[in-house]
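I have placed the structure first, in the form of structure tokens, so that the comments after it can refer back to it.
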Amino acid sequence: MALRIGIVLGSTRPGRRGEQIASWVLEAARAHGGADYELIDLAHHRLGNLDEGGNPNLQQYQHPHTHEWSALIDGFDGFVFLVPEYNHSFPGALKNALDYVYREWNDKAAGIVSYGGHAAGVRAAEALRLVLAELQVATVRTQPAVPLIPTFASGAFVPQEGLDTAVRGMLDQVTAWSEALRGVREAKARTAAAA
């Protein structure tokens, strides 16, 4: 069965630049191959502030939006997070979406494409890595970073030289690690079933 990689657009902000970057990354990923790629736009899921009373590790969800989010995230083998930098970190909407579920993220791989002002979002990516580690998500080393200037100098997204190479390198790592971690999840499932 083909790997499934979700490309998570981590901003819900009106007028966000991330939509153009996400479309380009999705197109680049599909050209890269190695998996089935799907865009996960947080703005379309309307999770709202975390409203589940229980521990997400126990998966005792009460609300339909959480059950839907759980099923969506559980169905992927890996992720690419497209993350802007807001005040030296990543958006609260993304943190909230990560916090809704726990086991659904475990033992999966992720790449990060950051974007932002003069630092091109790298501080947001580093902050995100800490949270993903706690969720037992293995982040790959290659981290494409998109500076908003000059990338959007004309108002539209124009990838800078070398971005396509960086994204391909990240996808090589994400697909390889996702395949390996699928084996880890399958082994854990067999062990649990035998217990």
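Please rank LYS95, LYS188, fewest neighbouring Cβ atoms within 10 Å first, as an exposure proxy.
On the way: LYS95 15, LYS188 12.
Ranking LYS95, LYS188 by Cβ neighbours within 10 Å, fewest first, gives LYS188, LYS95.
Could you please report the charge total around SER89, scoring K, R as +1 and D, E as -1 over all other residues with beta-carbon less than 12 angstrom from its beta-carbon?
Every neighbour counted, the sum reads +1.
Among GLN60, THR191, LEU130, whose Cα sits farthest toward the positive end of the charge dipole of the chain (+1 at Cβ of Lys/Arg, -1 at Cβ of Asp/Glu, about the Cα centre)?
It is LEU130, whose Cα lies furthest towards the positive end.
State, as an integer percentage, the relative contact order of region 1-104 based on alpha-carbon contacts under 8 Å between residues 6 or more apart.
Working: 136 pairs, mean separation 43.1, N = 104.
Relative contact order for region 1-104 comes out at 41 percent.
State the extension gain, in nm to one decimal, for the chain segment bounded by ASP51 and ALA194, taking 0.36 nm per residue of separation less the distance between their alpha-carbons.
Once the chain is fully extended between ASP51 and ALA194, it gains 48.0 nm.
Compute the Cα gyration tensor for region 1-92, then decide on rounded, prolate or oblate, letting a ≥ b ≥ c be the square roots of its eigenvalues: rounded whenever a/c is under 1.5, prolate when a/b is larger than b/c in the other cases, and oblate in all that remain.
It comes out oblate by the Cα gyration axes.
Whole Å is fine, so just give me how far the alpha carbon centre of region 1-59 lies from that of region 66-136.
Each part reduced to its Cα centre gives a spacing of 9 Å.
Any idea how far apart GLU126 and VAL184 come out in nm if each label point goes 7 Å out from Cα toward Cβ?
With each label point 7 Å from Cα toward Cβ, the separation is 2.4 nm.
What angle, in degrees between 0 and 90 and rounded to the nearest 10, separates the Cα long axis of helix 18-32 from the longest principal axis of the Cα atoms of the chain?
Long axis of 18-32 versus the principal axis of the chain: about 70 degrees.
Based on the Cβ-Cβ distance from ASP164 to GLN62, what FRET efficiency comes out when R0 is 30 Å, to the nearest 0.05?
Working: r = 44 Å, r/R0 = 1.46.
Between ASP164 and GLN62 the formula returns 0.10.
The numbers here are math on the coordinates, done by the rules we state, and not lab data. Treat the numbers as computed from the prediction; the structure is a model and nothing was measured. Heads up, the Cβs are rebuilt from the backbone with ideal geometry, glycines too, and the neighbour counts pull from every protein chain shown.
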